Each structure stands twice: as structure tokens, then as C-alpha cells.
Amino acid sequence: MNAQDLAGKRAVVTGGASGIGLACAHEFARRGAHVIIADLNGEAAEAVARELGGEAWQVDLSDTQALDGLRLDADILMNNAGIQRVSPIEEFDPEAFRTIQRIMVEAPFLLIRAALPTMYERGWGRIINLSSVHGLRASAFKSAYVTAKHGLEGLSKVTALEGGPHGVTSNCINPGYVRTPLVEKQIADQAKVHGIPESEVVEKIMLTESAIKRLVNADEVASLAGWLASDAATMVTGASYTMDGGWSAR
């Protein structure tokens with residue numbers, strides 16, 4: 001593999017200042033891409049951009065109307081940003097449900113819409129959507145997140161069909177629980193809704209369906225994203241790549 005196989009490419013990574021997005025930003029930069037770190041936390045985005053020699057883009061993806069007229073100069077778009085809320089449906093805050101849909105379905109649609117014209121002009125593009133095993137399977141108490149990830153799966157497939165004739169691929173990455181701040185924040189909520197101590201959440205809730213009993217590392221996800229962005233994956237589109245330790249094999 002050419003260590004600089006993404007040289008000359010512009011990669012936009014949402015939620016790129018932490019967690020999976022940060023790992024993917026490093027992977028794309030290592031392979032030669034100019035990386036734009038899109039994140040709500042402007043200071044963190046600036047710090048990562050300085051480290052990688054890229055750019056920072058402070059953006060609130062929940063304000064989807066502000067993205068309606070956007071045009072995005074990108075060869076690679078990674079829709080990674082997301083939030084989580086763990087609650088029974090009858091107690092789920094309606095505005096929290098709407099916010100999750102805006103950030104994790106509407107915003108990816110608008111960013112893809114903004115990026116496709118330039119990709120089509122160049123005859124080359126990569127849309128990589130950070131889905132989840134929850135894009136393929138459901139779990140209780142995660143109605144908004146599961147709904148959003150299922151929606152993202154459909155959006156990714158339609159993008160693949162429309163983009164294929166123009167040299168643009170679109171795929172989902174579907175990890176299980178990844179060792180990130182987003183997952184760490186879930187532990188207290190999971191303990192509450194399941195009525196167990198926080199110390200038992202990882203083993204009894206997060207890893208119960210997996211054949212491999214550990215959390216996914218962000219660098220593992222990034223390695224798959226790097227491959228999907230490369231020319232080696234030209235014929236891979238409309239796919240959903242599980243990285244869930246066997247969870248979805250059940």
C-alpha cells in the first residue's frame with residue numbers, strides 16, 4: 001500500500017476532534033490527505049488541524065437550515081459526528097429525538113448534497129458514513145440512535161446508486177461499542193435503565209452479544225475508513241462493513 005495514496009485529496013471529517021473522527025483524521029492525514037476537522041468544539045478542531053497541517057471548521061450540525069445552501073470542496077466526506085441518549089421511549093425527550101435525527105441523518109444528507117457536485121466534476125469521490133451495529137440491529141432504550149443509524153444506512157445506499165456512474169462510492173462502517181468518550185458517557189445511563197452497577201455495564205450490556213469480548217479500538221475503525229477511501233476500494237459501494245466482534249452474526 002502506498003503510504004501517500006491519498007495525496008492531493010481533501011478529506012472532511014465531522015466530529016473530527018475526538019474519538020473515531022480523530023482517529024480517522026489521523027489516518028487520512030498519514031496517507032497524504034489534506035484534512036478538514038469539522039466539529040462543534042472549535043478550539044479542539046483548531047488543535048487537531050494544527051497537529052495535522054489541516055483546517056478547522058467549527059460547525060453546529062444540529063442547525064441544519066444553515067447547511068441548506070452549502071457547497072463543499074471535498075474528495076472524501078466522512079459523516080462521523082453523533083450523539084447518544086439512553087431512555088425508554090415513553091420517557092424520551094421529543095426534542096432530544098429530533099436533535100439526534102438532525103445531527104445524524106439530516107446533516108449527513110446536506111453534507112453529501114453539498115459535496116457531490118465537486119466530486120462529480122472530478123469523477124472521483126468517497127462518502128464514508130459512520131453507522132453502527134445499531135444500523136443493522138436494535139437495542140432497547142436507544143430509539144433515536146437506532147432510528148438515525150437505520151436512516152443513515154438508507155441514505156448511504158441511495159448515494160451509492162446515484163454516485164456510482166460518477167466515480168463516487170458510498171459505504172457505511174458498522175462498529176460495535178468503540179472505546180470513545182461517547183461510549184464512556186453511556187455507562188451511567190445504561191446502569192440506570194437496566195438497574196445494574198456501572199461496573200457491570202461493559203460486560204453485561206455492551207459486550208453480551210459479541211463473540212469477541214472487548215470494545216473496538218478507534219484505530220481499527222480508522223484503518224477500514226482509510227481503505228474505503230483508497231483506490232483499492234473502487235468497486236466497493238452501497239456496502240455496510242461490520243466491525244462488531246460477531247454481534248450481527250446472531
If you scan the range 99-115, which residues turn out to be surrounded by 23 or more Cβ atoms within 10 Å (Cβ to Cβ) and not β-branched (Val, Ile, Thr)? Met104, Ala107, Pro108, Leu111, Ala115
Take the residues of the range 229-250 that are in contact with a strand residue (DSSP E or B) (Cβ under 8 Å, 6 or more places away or on another chain) and under 11 Å from Thr169 (Cα atoms): which is surrounded by the fewest Cβ atoms within 10 Å (Cβ to Cβ)? Thr234
Here the qualifying pairs (Cβ atoms under 6 Å; residues six or more apart or on different chains; first in the range 142-169 and on the phi > 0 side of the Ramachandran plot; second at pLDDT 95 or above and assigned to a helix (DSSP H, G or I)) come out as none
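To keep it simple, each residue is scored yes or no on (1) within 20 Å of Gln101 (Cα to Cα); (2) buried (at least 18 other Cβ atoms within 10 Å of the Cβ); (3) acidic (Asp, Glu).
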| site | (1), (2), (3) |
| --- | --- |
| Ala138 | yes, no, no |
| Ser156 | yes, yes, no |
| Leu182 | yes, no, no |
| Val193 | no, no, no |
| Met206 | no, yes, no |
| Arg214 | no, no, no |
| Val221 | no, yes, no |
| Trp227 | no, no, no |
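Which one of these is within 14 Å of the chain's Cα centre (by Cα) and at pLDDT 95 or above: Ala66, Ala25? So that I can check it myself, show each step before the final result.
On the way: Ala66 fails: within 14 Å of the chain's Cα centre (by Cα).
Of the residues listed, the single one that is within 14 Å of the chain's Cα centre (by Cα) and at pLDDT 95 or above is Ala25.
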On the basis of being surrounded by fewer than 17 Cβ atoms within 10 Å (Cβ to Cβ) and within 23 Å of Ala239 (Cα to Cα), does Glu121 make the cut? no
Out of everything in the range 69-78 that is under 17 Å from the mean Cα position of the chain (by Cα) and either without any contact (Cβ under 8 Å) to a residue 40 or more places away in the chain or in a strand (DSSP E or B) (or both), what residue ends up being surrounded by the most Cβ atoms within 10 Å (Cβ to Cβ)? Met78
One residue is enough: does the range 130-148 have a residue meeting the conditions among the basic types (Lys, Arg) and not in a loop (DSSP other than H, G, I, E, B)? no
Considering only the range 1-22, state which residues are of a type outside the set (Gly, Ala, Ser) and at pLDDT below 95. Met1, Asn2, Gln4
Selection within the range 158-173 - surrounded by 24 or more Cβ atoms within 10 Å (Cβ to Cβ) and not β-branched (Val, Ile, Thr): Ser170, Asn171, Cys172
Scope the range 54-89; condition in contact with a strand residue (DSSP E or B) (Cβ under 8 Å, 6 or more places away or on another chain) and not aliphatic (A, V, I, L, M); matching residues: Gly54, Glu55, Trp57, Gln58, Asp73, Asp75, Asn79, Asn80, Gly82
If a residue has to be under 22 Å from Glu27 (Cα atoms) and either small (Gly, Ala, Ser) or in a loop (DSSP other than H, G, I, E, B) (or both) to count, how many in the range 197-236 make the cut? 14
Report yes if His194 is under 14 Å from the mean Cα position of the chain (by Cα) and either of a type in the set (Phe, Trp, Tyr) or over 22 Å from Val13 (Cβ atoms) (or both), otherwise no. no
Selection from the range 55-67 of residues that are in a loop (DSSP other than H, G, I, E, B) and in contact with a Lys or Arg (Cβ under 9 Å, 6 or more places away or on another chain): Leu61, Ser62, Asp63
The condition of being under 24 Å from Tyr177 (Cα atoms), part of a strand (DSSP E or B), among the small types (Gly, Ala, Ser) and touching a residue at least 24 places away in the same chain (Cβ under 8 Å) holds, among Ala25, Ala38, Ala81, Ala96, only for Ala38
Please state which of the following conditions Ser87 fails to meet, knowing it meets all the rest: (1) surrounded by fewer than 21 Cβ atoms within 10 Å (Cβ to Cβ); (2) farther than 25 Å from Val146 by Cα; (3) of a type outside the set (Asp, Glu). (2)
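The values are calculated or read from the model by the stated rules, or taken from the named source; none is laboratory data. Everything quoted here is computed from the prediction, not taken from an experiment. Cβ coordinates were reconstructed from backbone atoms using ideal geometry, including for glycine residues, and neighbour counts include every protein chain displayed.
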